[in-house]
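Worksheet for the structure shown next.
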Amino acid sequence: MTDMIVAIDGPAGSGKSSVSKATAARLGFDYLDTGAAYRALAWFALASSRDTADSQQVISLLVDFDYEIGTNPGEYYVRVGEDDVTEAIREPRVTAVVSDIARVPEVRAFVTALFRSIIRSSPAAGIIVEGRDITTVVAPDAPVRILLTASPEARMARRAAEVTTQTAEDVAAQLHKRDSADSRVVDFMTAAPGVTTLDSTDLDFEGTVRAVVDVINGGTPPNKEKNHG
Ligand code: CDP
Ligand code: CDP
């Protein structure tokens with residue numbers, strides 16, 4: 001079990017997943033993508049023809065939700081039962097309904113317990129855990145807690161550059177809708193007391209990884225003061 005937990009929260013497109021994975025690889029740490037669990041449950045609900053807007057239908061799936069995620073940053077995968085859903089959980093049809101899943105308190109409690117168990121059993125020297133409520137709910141006692149932000153324009157541009165199956169306008173509209181739905185459930189736009197804000201708007205990918213490594217090593221990011229609480 002490792003005590004070196006690095007908690008990273010932030011909105012969609014701030015760079016959480018890619019930066020956390022690269023940083024973990026660099027430091028020899030494990031990497032836990034918590035959004036994947038919500039996405040996998042959304043995928044499972046669609047595959048089981050459930051109405052994702054009906055929380056009772058979503059809750060009833062939890063007992064059969066056989067979920068597995070790879071935490072080695074070099075061997076990332078997501079499985080539900082026998083299905084490898086690593087790619088499928090990123091499809092727009094899943095992204096469109098994932099906020100429905102994430103607003104159900106029973107789902108949040110279920111996956112939070114799962115995340116804590118994965119963190120506890122990590123054999124690595126440290127683990128970087130990223131999502132929306134890691135600094136506040138999943139691992140509020142983590143020795144390093146970061147809120148990774150970026151301007152809405154930068155976030156939309158990054159996401160639009162990745163997605164080839166939707167227009168930039170559709171990506172922006174979906175991102176905006178998801179951020180507003182998600183922020184009604186957890187606050188990932190403002191840093192909780194003691195959480196270090198890192199604004200990646202003017203940093204490239206490598207610069208962001210370096211800034212995260214600096215924070216882990218005890219420094220403050222170049223562009224923000226530590227938010228003492
Ligand atoms: O990578 P991206 O920002 O697009 O999203 P994600 O991290 O894959 O998370 C997908 C969805 O899961 C979010 O839109 C939230 O609804 C939910 N989520 C959450 O509620 N709490 C977390 N700790 C992580 C994700
Ligand atoms: O997980 P989250 O939604 O916060 O963001 P992501 O999926 O890790 O990053 C979205 C895209 O932005 C990826 O293609 C990253 O490589 C890119 N990115 C960037 O261009 N510049 C940064 N400073 C950080 C991420």
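Solvent-accessible area per residue for the range 4-226 at a 1.4 Å probe radius, Å²?
With the other protein chains kept in place, the range 4-226 gives 45 Å² per residue.
If you put +1 on each Lys and Arg Cβ and -1 on each Asp and Glu Cβ, how big is the dipole of the chain around its Cα centre, in Debye rounded to 20?
Dipole magnitude for the chain comes out near 420 debye.
At 0.36 nm per residue, and after removing the present C-alpha to C-alpha distance, how many nm does the segment from residue 86 to residue 153 gain when stretched out fully?
21.4 nm
State the answer as a single residue: which of 143, 85, 74 lies farthest towards the positive end of the charge dipole of the chain, with beta carbon charges of +1 for Lys and Arg and -1 for Asp and Glu, about the Cα centre.
Checked the options; the winner is 143.
Expressed as a whole percentage, what fraction of the accessible surface of the range 4-226 belongs to carbon and sulfur atoms when a 1.4 Å probe is rolled over the protein heavy atoms? Spell out each step's value before the answer.
On the way: 5080 of 10100 Å².
Of all accessible area on the range 4-226, carbon and sulfur atoms account for 50 percent.
Give me the one-decimal nm value for the distance between modelled label points at residue 121 and residue 72, 7 Å along each residue's Cα-to-Cβ direction.
1.6 nm
Grab the Cα-Cα distance for residue 49 and residue 79, subtract it from 0.36 nm times how many residues apart they are, and report the gain in nm with one decimal.
Fully extending the segment from residue 49 to residue 79 adds 9.0 nm.
Would you calculate the separation in nanometres between label points at residue 113 and residue 165, each defined as 7 Å from the Cα along the Cα-to-beta-carbon direction?
The modelled label-to-label distance comes out at 3.3 nm.
Can you compute the charge dipole magnitude of the range 83-189 about its Cα centre, using +1 on each Lys and Arg Cβ and -1 on each Asp and Glu Cβ, nothing else charged? Give it in debye, rounded to the nearest 20.
Here the size comes out at about 280 debye.
The values are calculated or read from the model by the stated rules, or taken from the named source; none is laboratory data. Predicted, not measured: the structure shown is a model, and the values here were computed from it. Note that each Cβ is placed from the backbone with ideal geometry, even for glycine, and that neighbours are counted across all protein chains shown. Heavy atoms of the whole protein, side chains included, go into the accessibility calculation; ligands, DNA and RNA do not. Shrake-Rupley method; radii C 1.70, N 1.55, O 1.52, S 1.80 Å.
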